[in-house]
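Step one of this worksheet: look at the structure below.
Just so it is clear, none of the values below were taken in a lab; they were calculated from the coordinates. As the structure is a prediction and not an experimental result, all values here were calculated from the model. Every residue, glycine as well, gets a Cβ built from its backbone with ideal geometry; the counts of neighbours run over all protein chains shown.
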Amino acid sequence: MQVEDIKFKEVQLFLHLLKTKTVRELGRQFNMQPGQVSKWISGLERKMGCVLIERGASGIQPTAQALEYLPYFERLQELHEELIGLNSEDKKSVFTIASASFFATHLIPLVLQGMLHDKGDSLKVRMLEISPNQFVPAAMRGAFEYCLHSKPLEWPGTWSTEEVGTLLWQVFVRKGHPVLKNPTMKEVLKYPFVAPVYWTSEGTGYGDDEFPIPMKDRIRGHETATAASAAEILKLTDHVAFIPEIVGRKGVDRGELEVVKIPGWKPVRKTVYLSVKNTKVKQHDYLWIQEICKQILKKL
């Protein structure tokens, strides 16, 4: 065993591999080619002097030998996160919140309003707009201590997650769109959908708007990285978009967009999660922001 040659980055990647369970997903999140990931795994196994993973129908799983080392790897990760926290010069004065773009534009300002109401000028907030597929990798690098997100995520063991409410997703089109004359699902599917897209160092990646009918069974139209720009595309085209109601609402209020009310199909409510890094966030602060988020989401 060549423990002295093991790099912390290798430990980090190994822990995350056990969460993603696939080489491809790990590579996508850390901007690595699958071949690079496989080469790194082989190198770590060589240094450890044993096989660490086995591949099965349910994805990658740790071997019995890997499970013996796992508590030590997790402790290294915790110590690394604590060290990052100690090295943060403004950790006492800044709340750093990560989220997708539409949360940063439409939800977090409301949360911020509630926070400032309680603490006023003593509080400073840093908002980071990050692609959802990069939340966990960025968290492992110490980029933020709070995250608002709409999908369950596999966080490191030093993080906690709480459901704080729900947000409504609806189908939107431009004012006067032809589909409004006969708003059935069959008619809706005749039009192209604005598709989510993101960029990594490996190239263009495609997201999931989580519409109940997969994108492969719909017409893929213009592509964009944010729900706000999707709403702008609707105003200029006959496209359809499945986006958060808080994003499309402004266009409806201005008479530019309309909600497609499909008979027999209920609008979708998605759970909103607040995740925090336990080693940097005090419990009373976590509970305080939870309550602010819950009160705001009840009204939306």
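Taking amide H atoms as placed 1.01 Å from N in the peptide plane, the amide H of Val272 lies under 5 Å from those of Val164, Gly165, Thr166, Leu167, each 5 or more residues away in sequence or on another chain. Two decimals is fine: what is log10 I(q)/I(0) at q = 0.19, 0.20 Å⁻¹ for region 3-86, from a Debye sum with one equal scatterer on every Cα and no solvent? Calculated log10 I(q)/I(0) at the listed q: -0.87, -0.96. Here are some values of P(r) over Cα pairs in 20 Å bins from 0, in percent: (i) 34, 58, 8, 0; (ii) 29, 51, 19, 1; (iii) 31, 55, 14, 0. Which one was computed from this structure? Matching the structure shown: (ii).
Take the cross-link list Lys119/Lys277; Lys19/Lys151; Lys186/Lys216; Lys119/Lys299; Lys119/Lys294; Lys186/Lys298 and give me the ones stretching past 25 Å between alpha-carbons. In this structure, Lys186/Lys298 lie more than 25 Å apart at Cα. Only helical runs count toward this figure. For the chain, summing -39,500 (n - 2.57) over DSSP H runs of n ≥ 4 and dividing by all residues gives -12000 deg cm²/dmol at 222 nm. Inverting the pair-averaged 1/r between distinct Cα atoms of region 167-269 gives 13.7 Å as its Kirkwood hydrodynamic radius. Here's how it looks for Thr224: its modeled amide H is under 5 Å from those of Ala195, Val197, which are all 5 or more places away or on a different chain.
Dipole of the chain computed with +1 at Lys/Arg Cβ and -1 at Asp/Glu Cβ about the Cα centre; of Met115, Val260, Met48, farthest Cα towards the positive end is Val260. Counting only aspartates and glutamates at least 8 places from Lys21 when in the same chain, those with an alpha carbon closer than 19 Å to its own are Glu10, Glu45, Glu54, Glu68, Glu74, Glu154. Put in order of Cβ neighbour count within 10 Å, fewest first, the listed residues Leu107, Leu167, Leu287 become Leu287, Leu167, Leu107. For region 251-261, 3J(HN,Hα) computed residue by residue from phi via the Karplus equation (6.51, -1.76, 1.60; θ = phi - 60°) reads x, 5, 4, 8, x, 9, 10, 9, 7, 8, 9 Hz, glycine and proline entered as x. The chymotrypsin sites (Phe, Trp or Tyr not before Pro) found in region 237-300 that occupy coil by DSSP, while having at most 14 further C-beta atoms within 10 Å, are Trp265.
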